[in-house]
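Have a look at the structure below, then the notes.
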Amino acid sequence: MPLAIRAGTLIDGTGRPPRQNVLILTEGDRLSVVAPQAEATIPPGYHVIDASRYTVLPGLIDCHVHLIASGNPRDITFGLGEVARSMPAVTLECYRNALKDLSAGWTTLRDAASRHFADVALRDTINRGDLVGPRLWCCGLGITSTAGHMDREKYLAPHVSLPGPSAVADDPTEGRKAVRLNLRNDVDFIKINATLTEHVRRYSGYCAPEMTRETMRAIFEEAHWHGRRVTAHCYGGDGAMWAIEEGIDGIEHGFYLSDQQLDLMAQRGVVLCPTLSVVGRFREKGDAALPPGQPFLPAWREKAVAHAWNTTRRAHQRGVKIICGSDAAMPYVFHGTNAYELEMLVEAGLTPLEAITSATGAAAEAIDFKDVGTVAPAKFADLVCADGDPLQDIRILQDLQRIPLVIKGGDCGRPETCRGSRARRGGLSAGVSSGERRRAACVCGRASMSVHKRHSSLIRTGHLFDGTSAPAVEHGARRPRRGRTRGGFAWY
């Protein structure tokens, strides 16, 4: 059934100032009306959500995640996981992580490299409606070089090789073939590794090129022929300059980009996804955020911390478009904590409105996913309701108790995630006892929504919430049913 949302404050994702008292109507999985409440009426048969005390935003977009890993520093997915875990197990882990991100309000995720096309399989399953989950924008296999950043065999003994698809490209012909392997599996964009740091850390280096200029040129040409944008794992130096000059669409990380490179990026419209959460968590956790067995990595990470925020600030000042990407899966960058990246972007000099735009309208434009990112007629009905004003305190978007409602494609509700596990890993709901929470089944959603006691003090026929502490869902809401919990999720 269609929804009518009375938004007290609307941040529409375009970068324009917020609007007050806006009526939002959905039709199917799309938005049909976005207008001042005084100028619009609610047709019969709509479920009405009273969010008049709340800030409504577009569904948020994280432009850099890896669903195959959790963020636990002991996660083995990127190393021995290749031989120790089955691909069905890895794919189920992808789904679990995707639900955590959706639960936090991130309705679109750009997966910046997976294994065995697990990301594509999950995307297609969600798009068919077989599973509830966020929208996924997938690249399949990251294109790398022998001994490169994403070379699957670099951790193995010389006599051991791995079966399955691989995208190792050491010359232009192999680069084109790697692009076509990904295209055969219907990816949405192409990801390459333009620079790497693993081989120069012992010499106190910053980064080195991973691919030749000619290989990059061939990859970009092949991808652009087929309408795919290309982004690069890239820190700076010659590899960054070659990528920018040869036509890259985006740079991931970019901690050591020079002023000359930033000016060229601004001139050519190359976007920067700075992934500051990684260095932010390193700054907080120190050596605990580093994988074992890499003695030269701590010194390199100190360089990254010293440069990352300043580079993002310089990029912003020079007019480079900044988009939000958390790099969820890296040590202590847990899925579901994606909004920490917004706090880091504000620390780097973006205003709260600019940071939100980097995760909404600017992100959608940069990744070429035009149906998401803004609240406007004909866009997907993806919305997030926040208890408070994120323009005054961007950190409220990290507090899941202040995100009482997530709507994806016109379905409202939030997949239940295990509050206990959040508390154990130091999440914002730590200390909340199970007796203070109750699960409620949202009338118009297919998934359950976890609601803090203060958000569910009154549940009666006709109203799911009381309209003062959380949005009210009118017309036929039902009482919650008990559900069984398995693996942190409630199934009904």
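The values are calculated or read from the model by the stated rules, or taken from the named source; none is laboratory data. Everything numeric here is computed off the predicted structure, so don't read it as measured data. Counting neighbours? That spans all protein chains shown, and the Cβs are built from the backbone with ideal geometry, glycine included.
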Taking only the range 139-180 into account, find how many residues are in contact with a helix residue (DSSP H, G or I) (Cβ under 9 Å, 6 or more places away or on another chain), assigned to a loop (DSSP other than H, G, I, E, B), at pLDDT 90 or above and not hydrophobic (A, V, I, L, M, F, W, C). 4
Tell me the helices (runs of 4 or more DSSP H) entirely within the range 221-331 that contain at least 2 residues that are of a type in the set (Val, Ile, Thr). 276-285, 297-317
If a residue has to be charged (D, E, K, R) and buried (at least 21 other Cβ atoms within 10 Å of the Cβ) to count, how many in the range 81-128 make the cut? 7
Across the range 135-153, which residue is surrounded by the fewest Cβ atoms within 10 Å (Cβ to Cβ) among those that are under 28 Å from the mean Cα position of the chain (by Cα) and over 21 Å from Asp119 (Cβ atoms)? Ala147
Over 23 Å from Ala355 (Cβ atoms) and surrounded by 24 or more Cβ atoms within 10 Å (Cβ to Cβ): is that true of Thr215 in this structure? yes
Residue ID - surrounded by the most Cβ atoms within 10 Å (Cβ to Cβ), chosen from residues in the range 181-208 that are assigned to a helix (DSSP H, G or I) and modelled with pLDDT of 95 or more: Asn182
Looking only at the range 8-18, decide whether some residue is modelled with pLDDT of 95 or more, in a strand (DSSP E or B), surrounded by fewer than 24 Cβ atoms within 10 Å (Cβ to Cβ) and not hydrophobic (A, V, I, L, M, F, W, C). yes
Filtering the range 339-379 for residues that are over 14 Å from Val279 (Cα atoms) and either touching a residue at least 60 places away in the same chain (Cβ under 8 Å) or among the polar types (S, T, N, Q) (or both) leaves a count of 25
Is there a residue in the range 116-137 that is of a type in the set (Asp, Glu), out of contact with any Pro (no Cβ under 6 Å at 6 or more places or on another chain) and not in a loop (DSSP other than H, G, I, E, B)? yes
Could you run through the range 162-180 and say how many residues are surrounded by 17 or more Cβ atoms within 10 Å (Cβ to Cβ) and in contact with a Ser or Thr (Cβ under 8 Å, 6 or more places away or on another chain)? 6
Give me the residue from the range 362-408 that is over 17 Å from the mean Cα position of the chain (by Cα) and small (Gly, Ala, Ser) and, out of that set, surrounded by the fewest Cβ atoms within 10 Å (Cβ to Cβ). Ala378
